[in-house]
Amino acid sequence: MASHFRKFTLTAHVVLSVGWLGAVVAYLALAVAGLTSDTPLTVRAAFLSMDLIGWYVIVPFALAAWAAGLVVLPVMASAARRPRRARIVTIHAIALLLVVVVIHLSGGGMSSH
């Protein structure tokens, strides 16, 4: 794999992963604000914003970070002599997290509001 492409995919993977983490932090902040507020309008706004952040930021960033990781992981793992089994476990663990996020956002993880 060319050095420029490897650097680009690694940078993309890191940027997308950090963006994913930032979106999750924003999601959690809105959850706390919605659960602790006494104002119905604030509660409604927080949960509506959580839905938007979940579907339009968290899921796309998670999928993109996972896809970039599928490209980067084998290259970096072979350079670091990481065992093949560890790479497979990592890929499957992230895929499982993606499934959990989608189930949670589609209403499987919360009571209806």
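The values are calculated or read from the model by the stated rules, or taken from the named source; none is laboratory data. The structure presented is a predicted model; accordingly, all values stated were derived computationally and were not measured. Cβ placement follows ideal geometry from the backbone for every residue including glycine, while neighbour counts extend to all protein chains displayed.
Listed by first and then second residue, the pairs with beta-carbon distance under 6 Å, at least 6 apart or on different chains, first residue in the stretch 70-87 and exposed (fewer than 15 other Cβ atoms within 10 Å of the Cβ), second modelled with pLDDT of 70 or more, are Val75/Arg6. One residue alone among Val15, Val25 is within 12 Å of the chain's Cα centre (by Cα), farther than 28 Å from Gly107 by Cβ and either loosely packed, with under 14 Cβ neighbours inside 10 Å or modelled with pLDDT of 85 or more (or both), and that residue is Val15. Residue check: is Thr39 closer than 21 Å to Arg87 by Cβ and surrounded by fewer than 13 Cβ atoms within 10 Å (Cβ to Cβ)? It is false that Thr39 is closer than 21 Å to Arg87 by Cβ and surrounded by fewer than 13 Cβ atoms within 10 Å (Cβ to Cβ).
For the stretch 1-59, filtering for residues that are touching a residue at least 60 places away in the same chain (Cβ under 8 Å), out of contact with any Leu (no Cβ under 8 Å at 6 or more places or on another chain) and not aliphatic (A, V, I, L, M) leaves 2.
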